[in-house]
Every structure is written in C-alpha cells, then in structure tokens.
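Okay, structure first, notes after.
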Amino acid sequence: MKSMDKNPVIITCAVTGAELTKKECPYLPISPDEIALSAKDAVLSGAAIIHLHVRDKAGRPSQNTDIFHEVTEKILALTDCIIQFSTGGTVGTPDDLRIKPLLLKPHMATISMGSMNFGDDIYKNSLKTIKKIAGAIRQNNIMPEFEIFDLAMLETAQRLQKAGGFFDKFHINFVLGVKGGTCGSIKNLAYLTDYLKETQSWSVSGIGKYQLPLTAHAIAMGGHVRVGFEDNIFYKKGEIAESNADFVKRAARISNELDRKVATVSEAKKILGI
Ligand code: KMH
Ligand code: ZN
C-alpha cells in the first residue's frame with residue numbers, strides 16, 4: 001500500500017446520474033444551473049472530479065452535446081475541477097449518442113467494460129461498443145476511467161491492455177451494489193482490488209447502502225472514492241440527503257480521520273496523469 005501522506009484521496013462527485021428523478025429525490029440537480037451549482041458546492045467541499053450526466057428540459061437523461069457544453073461551461077465558470085463525462089448514458093442509449101459529447105474534449109470520460117443486468121434492464125456494452133467508445137476517447141485525447149462492475153469486466157480491460165493499442169494510462173472505478181451487478185461487500189472490494197497492480201489508481205462507487213462502508217474502506221485501503229446522488233440518495237437509513245456536498249463533506253471527514261488529506265484539483269490531475 002502507498003504511504004498515506006503521499007496519497008491524497010481523490011473525491012469524485014456524481015451529481016445527478018441518468019436514472020433518478022426529482023420525485024425520488026427532491027434535491028436532485030437537473031437543470032444546467034442546478035447541476036453547476038451543485039457541482040460548485042461539491043468541489044468547495046472537497047471533490048476534485050465531477051462525473052457528469054445531463055438532462056433535457058423535461059428532466060430526461062440526455063446525451064445532447066449542446067447541453068453537455070452548456071453545463072460544462074457553467075461549472076467551469078463557477079469552479080476549477082476535473083470534468084468527467086459519462087459515456088454510459090442510460091440503458092439503451094445508442095453508441096453514437098454515447099460518444100458524441102466527447103468532441104468537447106472533457107478531461108476524463110467513463111467507459112464501461114462489459115454488459116450486465118441493470119435493475120430491470122440490460123446495460124449493453126459489447127466488445128464492439130467498448131472499442132468504439134475507446135476509439136473516441138483516444139481520438140479526443142481524454143483520460144479514461146474504466147467502470148468495472150464485476151471481475152469479468154476487469155479481465156476484459158486487462159485483456160485489451162495486454163493486446164496493446166488500448167490505453168497507456170487509465171483510472172479504474174469499481175461500481176458495486178447495482179442490482180444485477182456485484183454487491184458492495186467489503187470482501188468484494190478487497191477481492192477486486194487484489195487484481196490491480198500496486199501503482200494503478202482506483203476508486204469505488206458504492207451504490208445505495210454500500211456507499212458509506214465502501215467509502216470508508218476504500219480510503220483505509222489507499223484508494224479513491226466516488227459519492228453523490230447518482231449512486232445514493234440516502235445520507236442515513238431512511239433519510240434523504242439534501243445535497244451532493246453533504247456526501248462529499250462526509251467523505252472528506254473520513255479521509256481526514258484516517259490521516260489522508262483530500263486531493264486538490266491539481267493533486268488529482270497529478271495522480272491521474274492528466
Ligand atoms: N447510467 C448507467 C446505465 C457511466 O456513467 O459511465 C451507466 C453509467 C455509467 O452511469
Ligand atoms: Zn454515471
């Protein structure tokens with residue numbers, strides 16, 4: 001494990017996602033202004049990366065490049081941070097729409113490394129889709145984050161790396177607790193991280209009730225964390241959080257208690273090689 005003081009914790013905030021509605025979470029930021037303000041508060045609270053999905057005027061998930069542009073501009077006018085676009089969109093988004101916003105060249109973009117059941121639906125990421133998204137990420141010189149929901153996805157990423165010409169550098173985010181994916185037990189996080197090289201940067205997104213325990217354990221293990229409404233709306237059992245910033249503040253407090261400082265944006269860029 002890396003020495004703690006030389007390994008600040010990068011906090012990513014996934015501010016809105018593609019699946020939730022205001023009905024489920026009244027504090028969910030949806031409009032460009034709401035997303036930008038929520039992102040600013042998250043960054044002021046310690047987040048270095050904003051994981052971005054956007055919505056159309058009706059609040060539906062969208063991969064519209066103009067909306068991504070508008071939201072990105074609004075966030076960066078308010079705060080300095082690493083902008084990470086989702087190429088996942090929502091289940092069923094066609095490949096071409098998933099990659100179109102990458103023309104805007106965000107600092108980072110996600111790429112999911114396989115298919116899976118996702119709630120009642122199927123989140124499709126065939127090898128053809130993965131290669132297409134990877135090509136667009138490379139073409140636009142963007143730092144990739146591999147979204148890993150199970151061991152097979154990690155093995156797919158490792159196989160593609162081994163074959164050559166995939167990516168020189170990448171960040172790994174384990175997404176644990178999606179209904180249909182690997183559950184977010186501590187044992188599963190330990191098991192998955194065991195497959196990584198010691199120098200590989202990684203984080204974890206614990207979905208729902210897994211967010212808090214996985215945040216604490218990832219920080220203790222030397223990893224990084226992702227929090228925010230996309231992954232979890234409950235601050236405590238039965239208590240809906242009022243802001244993304246509340247989750248970020250809690251992750252920052254845990255980091256400090258575990259004697260790891262929270263990474264600034266420039267420290268996060270250095271760690272990730274952006
Ligand atoms: N909305 C999920 C189906 C990502 O952002 O890269 C996919 C997702 C992953 O959220
Ligand atoms: Zn996402």
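Each reported figure results from applying straightforward, stated rules to the coordinates on display, with no laboratory input. Since the model is a prediction, treat every value here as computed from it, not as a measurement. Backbone-built Cβ (ideal geometry, glycine too); neighbour counts: all protein chains shown.
Rounded to the nearest 500, what is the chain's calculated 222 nm mean residue ellipticity when only DSSP H runs of at least 4 contribute -39500 (n - 2.57) each, over all residues?
-11000 deg cm²/dmol
What shape does region 138-255 have by the C-alpha gyration tensor, where a ≥ b ≥ c are the square roots of the eigenvalues, rounded means a/c under 1.5, and otherwise prolate means a/b greater than b/c and oblate the rest?
It is prolate, given that a/c is not under 1.5 and a/b is the larger ratio.
Of the options Ala241, Thr65, Ile122, report the single residue whose Cα projects farthest towards the positive end of the charge dipole of the chain (beta-carbon charges: Lys, Arg +1; Asp, Glu -1).
Ile122
Starting from the Cα of Asn117, step 7 Å along the direction of its Cβ; do the same at Asn256; then give the gap between the two resulting points in nm.
Rounded to a tenth, the inter-label distance reads 4.3 nm.
Out of the trypsin sites (Lys or Arg not before Pro) in region 185-237, which ones are loop residues according to DSSP with at most 10 other C-beta atoms within 10 Å?
Lys197, Lys237
Residues with amide H under 5 Å of Val175's amide H, sequence separation 5 or more or different chain, H placed in the peptide plane at 1.01 Å from N; which?
Ile148, Phe149, Ser205
Are there trypsin sites (Lys or Arg not before Pro) in region 75-176 that DSSP marks as loop and that have at most 12 other Cβ atoms within 10 Å, and which are they?
Sites meeting the loop and neighbour criteria: Lys169.
Find which of Pro101, Ala18, Ile133 sits farthest along the positive direction of the dipole of the chain, computed with +1 on the beta-carbon of Lys and Arg, -1 on that of Asp and Glu, about the Cα centre.
Of Pro101, Ala18, Ile133, it is Ile133.
Between Lys6 and Lys237, take the C-beta separation as r, use R0 = 35 Å, and let me know the FRET efficiency to the nearest 0.05.
Rounded to the nearest 0.05, the efficiency is 0.45.
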